[in-house]
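No value in this document is a laboratory result; all are computed from the given coordinates. Every value quoted in this text rests on a predicted model; they were computed, and no experiment measured them. Cβ sites come from the backbone with ideal geometry, for glycine too, and all protein chains shown count toward neighbours.
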Amino acid sequence: MVAVWTLRIAALVSIATTIAIIVTLLRESAGFFAEVSVWDFLTGKTWTPMFRDKSFGVLPLVMGTILVAAIAGIVALSVGLASAIYLSEYAPDRARRIIKPVLEVLAGIPTVVYGFFALTFVSPILQDIFPDMIVFSALSAGLVMGIMIMPMVSTLSEDAMVAVPRSLRDAAYALGATRFEVATKVVVPAALGGIIASFVLALSRAIGETMIVTVAAGATPNLTFNPLEAIQAMTAYIVQVSLGETPQGTIEFKTIFAVGLLLFMITLAMNAFGRWVVYKFSEKYE
Amino acid sequence: MAFPGRGSSPQGTGRSRAANRHLGRRKVRDAIFYGLFLGSIVLGIGALAVLLIDILTDGLPWLTFDFITTYPSRHADESGIKAALYGSLWVVGLTGIISVPLGVATAIYLEEFAAKNWRTTVIQVNISNLAGVPSIIYGILGLAVFVQLLGLGRVVIAGALTMTLLVLPIVIVATQEAIKAVPDSYRNAGFAIGATRWQVVKTIVLPLAIPGIMSGLILALSRAIGESAPMIMISALVFLTFIPQTPGDRFTVMPIQIFNWVAQPQEDFRGIAAAGIIVLLVMLLTMNAGAIYIRNKYQRRRGE
């Protein structure tokens with residue numbers, strides 16, 4: 001039937017999108033890797049593609065991304081998990097009905113707004129605390145990114161906790177456990193798969209996020225563990241090049257495809273791992 | 001004794017006192033952590049409140065009628081968001097027009113027609129993978145395919161096509177959920193009176209699924225209206241003093257304009273950046289309210 005064929009073609013658009021992403025990234029990166037070896041790219045400690053003395057070691061960008069994502073992860077995991085425990089184990093129904101939409105609003109705010117908030121509100125406060133700091137820092141971007149991905153951790157973790165059967169809780173309460181003990185010794189272990197998955201997916205989101213790091217973390221490729229310094233994340237570098245005057249077809253321009261390919265592979269691996277964890281843990285109580 | 005574990009017997013007093021002390025500690029710990037958990041949620045909501053207050057205090061003084069009806073300028077006090085506002089409406093409108101038929105067709109195929117085999121599983125897994133691809137990768141894709149390969153240039157339609165690919169997984173999944181929510185008994189009733197699968201889909205499933213599709217679409221478009229990174233890659237323009245007239249014109253969108261203002265060193269531009277954010281958030285809020293309204297109306301009708 002003709003109509004079903006039309007539908008099938010529509011469904012193939014999503015497959016074509018994936019193929020187009022992979023082909024685009026590989027084809028354009030191939031030109032880059034013809035001039036720079038994969039090994040030098042992945043292990044080099046200096047990233048200066050725009051300088052006369054060019055160096056294409058991507059580690060400073062990767063480190064910048066990891067530093068910001070790690071700070072965001074600490075914020076999001078602690079606040080997000082605690083919020084999820086509150087919502088799932090403690091909150092009265094009325095509080096839940098108010099809090100959950102608020103978290104949805106938090107998750108729906110455009111990232112450029114978070115970038116504005118990091119630069120104009122959080123950074124000045126941090127500068128008051130650490131007077132040596134310049135306005136751009138991994139810490140400011142990381143803290144705000146933590147707020148951004150926190151709803152993801154809390155919503156997905158709470159879903160996993162709510163799915164833990166009532167009978168397990170009742171059994172623990174019958175033994176005289178306090179609510180805290182039920183939450184941490186029964187519910188959290190039982191929901192661990194969903195909690196880990198929520199965390200991995202949120203971190204992957206943080207690694208792929210662009211505007212907060214572009215606005216607030218700086219544009220200085222910097223191989224550092226110091227969160228008070230300005231850095232440049234992989235995504236921020238891609239934005240910087242595409243806004244600049246770099247002519248297309250040059251090796252400088254091709255760097256964005258190499259960095260994009262690396263970013264794509266990292267987030268793909270994390271998302272696949274996150275879904276695998278959910279799949280692995282999901283059938284336990286059925 | 002019927003309950004050997006009970007500590008009320010005289011011999012058990014010492015043990016019971018220790019157990020009571022222990023219980024006291026456990027209860028204190030319970031209370032402390034209750035406070036911590038509650039504190040976390042208050043912190044999250046507090047962050048949202050601080051963010052909104054910060055933006056309102058920065059932006060409200062700059063938010064005038066002129067701000068919405070003028071073009072950007074080198075001077076903060078003469079700058080407006082008109083070009084970006086129209087650009088956003090263009091991109092989001094076209095994205096909606098393109099992504100609805102594509103997304104709904106894909107969802108109908110997967111839910112109603114596709115055989116449950118590995119090919120269908122591949123498509124389904126692929127869709128959830130696409131939902132997790134960073135938006136800037138879509139920007140790279142759009143730049144390479146729509147702007148360069150197809151030679152469209154940095155124009156509205158290239159932006160809308162890129163945005164379509166970005167939100168397509170959201171539209172597909174929302175539509176699938178809406179189709180799944182239609183009870184099988186409705187379909188069987190159609191089949192029983194001799195309808196073909198195609199007729200059942202067209203006359204029974206789709207009409208019932210439309211509210212779910214609509215609210216999913218609105219959520220997808222509110223994602224589209226706030227996306228900055230891929231639009232920066234496609235448009236690259238931040239200083240535009242005309243409104244796009246056709247899909248073939250160059251464009252800018254609100255998040256790009258806001259990003260540009262945030263990046264300006266002068267203090268005044270912070271104010272108009274915040275004013276731009278207020279306009280963006282009001283549009284988002286309106287769209288979300290629309291989605292909630294449709295959801296509620298639909299739930300009420302089902303309940304009757």
Item to complete: Obtain the nm distance between the two label points defined at A:V162 and B:D268 by a simple spin-label model: each point lies 7 Å from its Cα along the Cα-to-C-beta direction.
Response: 5.0 nm
Worksheet item: How far is helix A:2-35 tilted off the main Cα axis of chain A, in degrees rounded to 10, range 0 to 90?
Response: 50 degrees
Worksheet item: Where does chain A land at 222 nm, in deg cm²/dmol rounded to the nearest 500, when only DSSP H runs of n ≥ 4 count, each adding -39500 (n - 2.57), divided by all residues?
Response: -23000 deg cm²/dmol
Worksheet item: Over the Cα atoms of chain B, how large are the radius of gyration and the largest Cα-Cα distance (Dmax), in Å?
Response: 27.5, 92
Response to the item:
Of all C-alpha pairs within segment B:25-75, those more than 17 angstrom apart amount in percent to 62 percent
Worksheet item: Please state the equivalent ellipsoid semi-axes for segment A:70-171: what are the square roots of 5 times the Cα gyration tensor eigenvalues, largest first, in whole Å?
Response: 33, 14, 11
Worksheet entry | chain A: angle of helix A:59-85 to the longest principal axis, Cα-based, in degrees nearest 10 | 10 degrees
Fill in: Percent RCO, i.e. relative contact order, over chain A, from Cα pairs under 8 Å lying at least 6 residues apart
26 percent
Worksheet item: What ratio of Cα Rg to 2.2 N^0.38 Å holds for segment A:2-282?
Response: 1.17
Fill in: Cα centroid separation - segment A:91-162 against segment A:174-194, whole Å
27 Å
Response to the item:
Rounded to the nearest 0.05, FRET efficiency between B:R26 and B:S185 (Cβ-Cβ, R0 45 Å) equals 0.30
Worksheet entry | Mean Kyte hydropathy of 0.5 or more with a Cα span along the axis of at least 15 Å, helices from DSSP in chain B | B:13-59, B:82-108, B:156-180, B:206-226
Discussion item. Using only Cα atoms and rounding to the nearest 10 degrees, what angle (0 to 90) does helix A:138-162 make with the longest principal axis of chain A?
Written reply: 40 degrees
Worksheet item: In straight Cα distance, which lysines are under 27 Å from B:K202, not counting same-chain residues fewer than 8 positions off?
Response: B:K116, B:K180, B:K297
Response to the item:
Two pseudo-spin positions, 7 Å from Cα along C-beta at A:V38 and at B:I243, lie apart in nanometres by 5.2 nm
Worksheet entry | Structure-based [θ]222 nm, chain B - -39500 (n - 2.57) summed over DSSP H runs of at least 4, per residue, nearest 500 | -24000 deg cm²/dmol
Item to complete: May I ask for the equivalent-ellipsoid semi-axes of the protein assembly as shown, computed as the square root of five times each C-alpha gyration tensor eigenvalue and listed largest first in whole Å?
Response: 41, 34, 25
Discussion item. Need the C-alpha centroid separation for segment B:51-89 versus segment A:1-78, integer Å.
Written reply: 34 Å
Worksheet entry | Alpha-carbon gyration tensor eigenvalues x 5, square-rooted, for segment B:205-304, Å | 35, 17, 10
